[in-house]
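Readers should treat all values here as calculations from the given coordinates under stated rules, not as data from a laboratory. Just so it is clear, the structure is predicted and the values come from calculations on it, not from any experiment. Ideal geometry is used to build each Cβ from the backbone, glycine not excepted, and the neighbour counts take in all protein chains shown.
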Amino acid sequence: MSELLSLRASYEEGTAGAWLEGADDVLAVFEFGRSPLDSTDPRHVPVALEQLGGPAMVEVWRCAGPIKTGSWDRLRFSQGEELTMGHIALDLRESSDMREASRLAYEILQTYLQQSPHQWPLKIWNYIPGINQGQGDEELYRQFCLGRADAVLIDPGDSPPLPAATAIGSRAEEPALQVYFLAAALPGLDVENPRQVSAWRYPRQYGPKSPLFSRGTILRLNGSQQFLISGTASIVGHQSHHENQVANQLSESLRNVHSLLEEGYRLTGDSHARLDAEGMLKVYIRDPSDLELIRRTLDAEAPAEIPRIYLKGDICRENLLTEIDGIVSLQRS
């Protein structure tokens with residue numbers, strides 16, 4: 001079925017350079033453990049999160065071509081026939097603060113999409129240096145959320161203001177705020193998780209501006225459907241669960257993933273999402289010493305055939321130790 005999918009995403013061995021040179025359908029190659037400021041090609045997206053465990057992998061996105069590349073303001077893009085990947089890396093040493101950098105990143109993103117043939121973002125990844133640094137509302141994640149809200153400038157009301165998203169902390173010494181996205185000519189179907197309060201409805205205790213994202217977005221093109229899953233942690237309602245229990249947090253995160261997939265089935269009516277070889281999981285881990293316990297737990301609770309990678313990254317709440325995101329294919333019942 002993979003040849004029918006609009007986005008063919010996989011973890012692969014080999015260097016980023018080899019993948020960029022070796023195929024004409026490569027939309028993007030994500031290389032882990034390097035600053036996004038090191039990008040050498042619009043399709044080359046270094047990610048400042050270290051891979052845990054081996055073998056070393058890159059994440060490769062492929063789609064129908066021809067692939068066009070270019071730059072727009074401080075955004076670099078790679079554009080296929082139906083999909084666009086855009087990548088923004090802002091040097092924080094040139095910004096007054098995180099709120100301003102976040103606002104600028106999202107203004108660039110939105111103005112680029114307005115003139116792109118693929119105007120609808122389907123998922124946005126945000127990697128934020130030192131995400132938990134700062135006290136109270138000065139925490140960098142809360143400041144990031146303020147800047148994003150400054151740029152979006154809408155009242156979400158009862159509708160999700162943005163599609164699926166992930167927000168993870170890179171090391172505090174990393175100089176760049178990184179935002180990259182996948183977009184298409186048609187909007188996706190945004191999905192909320194019945195087990196969780198929608199992020200944009202979080203109470204004030206989590207910050208002056210709630211996070212603006214949907215729990216998941218379904219990409220629907222050419223008869224195929226793919227579920228883009230937001231960063232999913234051990235949150236039920238709006239509260240963190242299983243403090244200091246990393247295996248239980250991972251299990252709760254997986255329950256949230258399955259709940260989201262079931263809600264997607266309820267909305268689409270005829271398509272089941274399955275954790276199988278057509279998808280992929282990305283597992284973020286705050287403390288690398290938890291890797292083996294996380295790996296054993298995931299191996300016991302998720303099908304062996306779904307590819308997965310483990311990355312060192314801080315979660316948006318200090319009491320959360322792990323988070324999952326991923327891509328899952330939907331198949332007709």
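The residue list 65, 207, 246 was ranked by how far each Cα lies along the charge dipole of the range 2-332 toward its positive end, using unit charges on Cβ atoms, and 207 comes out on top.
Other residues with beta-carbon under 9 Å from the beta-carbon of residue 103 carry, at +1 per Lys or Arg and -1 per Asp or Glu, a net charge of -1. Distance between the pseudo-spin-label points of residue 319 and residue 262 (7 Å out from Cα toward the beta carbon): 2.5 nm.
For Cα pairs less than 8 Å apart in space and 6+ apart in sequence, what is the mean separation divided by the residue count of the range 2-332, i.e. the relative contact order in percent?
Values: 815 pairs, mean separation 55.7, N = 331.
The value is 17 percent.
With all distinct Cα pairs included, what does the Kirkwood hydrodynamic radius of the chain come out to in Å, to one decimal, could you say? Intermediate values should be presented prior to the final figure.
Values: mean 1/r = 0.0508 Å⁻¹.
Computed over the chain, the radius equals 19.7 Å.
What's the FRET efficiency of residue 91 with residue 68 using the Cβ-Cβ distance as r and R₀ = 25 Å, to the nearest 0.05? It would help to have the intermediate numbers written out before the result.
Numbers: r = 26 Å, r/R0 = 1.04.
FRET efficiency, residue 91 to residue 68: 0.45.
DSSP beta bridges confined to the chain are antiparallel in about 80 percent of cases.
Using Cα pairs closer than 8 Å and at least 6 residues apart in sequence, work out the relative contact order for the range 230-333, in percent.
Working: 183 pairs, mean separation 41.2, N = 104.
With pairs under 8 Å counted, the relative contact order is 40 percent.
To the nearest 20 debye, what is the magnitude of the charge dipole of the range 2-332 about its Cα centre, counting +1 on the Cβ of each Lys and Arg and -1 on the Cβ of each Asp and Glu?
540 debye
Cross-link reach is defined here as a Cα-Cα straight distance under 28 Å, omitting same-chain residues fewer than 8 places apart; for residue 312 the lysines meeting it are 123, 209, 282. Counted over the range 8-85 with a bin width of 5 Å, the fraction of Cα pairs per bin, in whole percents, is 3, 16, 27, 26, 17, 8, 2, 0. 3J(HN,Hα) along the range 18-29, derived from phi through the Karplus expression 6.51 cos²θ - 1.76 cosθ + 1.60 where θ = phi - 60°, amounts to 5, 5, 5, 8, x, 8, 9, 10, 7, 7, 7, 10 Hz, with x in place of Gly and Pro. With the simple spin-label model, which puts each label point 7 Å out from Cα in the Cβ direction, the residue 40 to residue 138 separation comes to 4.1 nm.
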